[in-house]
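One structure below.
The values are calculated or read from the model by the stated rules, or taken from the named source; none is laboratory data. Predicted model, so just to flag it, every value in this text is computed and none were measured. Please note: Cβ atoms are built from the backbone with ideal geometry, for glycine as well, and neighbour counts cover all protein chains shown.
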Amino acid sequence: MATTQEVLNNHLKRFGERNLEGILSDYAPDAILFTPDGPRRGRDQIGALFTGMFAEFAKPGAAFNMRQQFVDGDYGFILWTAETADNVYELATDTFFVRDGKIAVQSFVGKTTARNGRHTSFRGQTEQPFAQT
């Protein structure tokens with residue numbers, strides 16, 4: 001059975017390769033991935049998220065920078081930044097819970113700025129100005 005560090009290493013390697021089957025093999029069949037847009041349950045929903053991310057990161061000029069990585073027992077945490085043709089990821093984190101060598105639970109949040117000039121506070125959510133009263 002893979003350790004949390006081994007699962008995390010494979011996950012990051014497969015992301016860099018944009019290998020959907022490889023990345024989905026890291027997840028338990030009933031895994032849940034929490035995002036600012038809501039939870040993704042199971043490999044099909046998680047795979048749809050990665051399909052979009054892979055398309056974005058496949059465009060010329062994409063860069064991913066790991067800032068921190070910690071593993072403690074069944075838990076893993078990464079802090080990263082990135083730039084793609086579509087977005088600047090000013091700060092992003094993923095937290096993982098690995099059970100029986102598979103990712104059982106993951107959370108993701110990122111502060112991004114779209115290249116089209118629209119600011120997004122979290123991936124997928126456009127920041128709206130506060131209403132004046």
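Listed values, structure above:
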| item | result |
| --- | --- |
| Lone qualifier among A104, A55 - being of a type in the set (A, V, I, L, M) and touching a strand residue (DSSP E or B) at 6+ places or on another chain (Cβ under 9 Å) | A104 |
| Where a residue in region 49-67 is in contact (Cβ under 8 Å) with a residue 24 or more places away in the chain and its partner, wherever it lies, is aromatic (F, W, Y), with Cβ under 6 Å and at least six apart | M66/W80 |
| Given (1) exposed (fewer than 14 other Cβ atoms within 10 Å of the Cβ); (2) under 29 Å from N116 (Cα atoms), number of the condition T84 does not satisfy | (1) |
| Selection count, region 36-90, where residues are in a loop (DSSP other than H, G, I, E, B), of a type in the set (D, E) and under 17 Å from S107 (Cβ atoms) | 2 |
| Where a residue in region 4-28 is touching a residue at least 40 places away in the same chain (Cβ under 8 Å) and within 15 Å of R99 (Cβ to Cβ) and its partner, wherever it lies, is crowded, with 18+ Cβ neighbours inside 10 Å and small (G, A, S), with Cβ under 7 Å and at least six apart | T4/G76; L8/G76 |
| Number of positions in region 25-34 that are crowded, with 18+ Cβ neighbours inside 10 Å and either part of a helix (DSSP H, G or I) or within 12 Å of the chain's Cα centre (by Cα) (or both) | 1 |
| Hey, G124 modelled with pLDDT under 95 and closer than 18 Å to R14 by Cα or not | no |
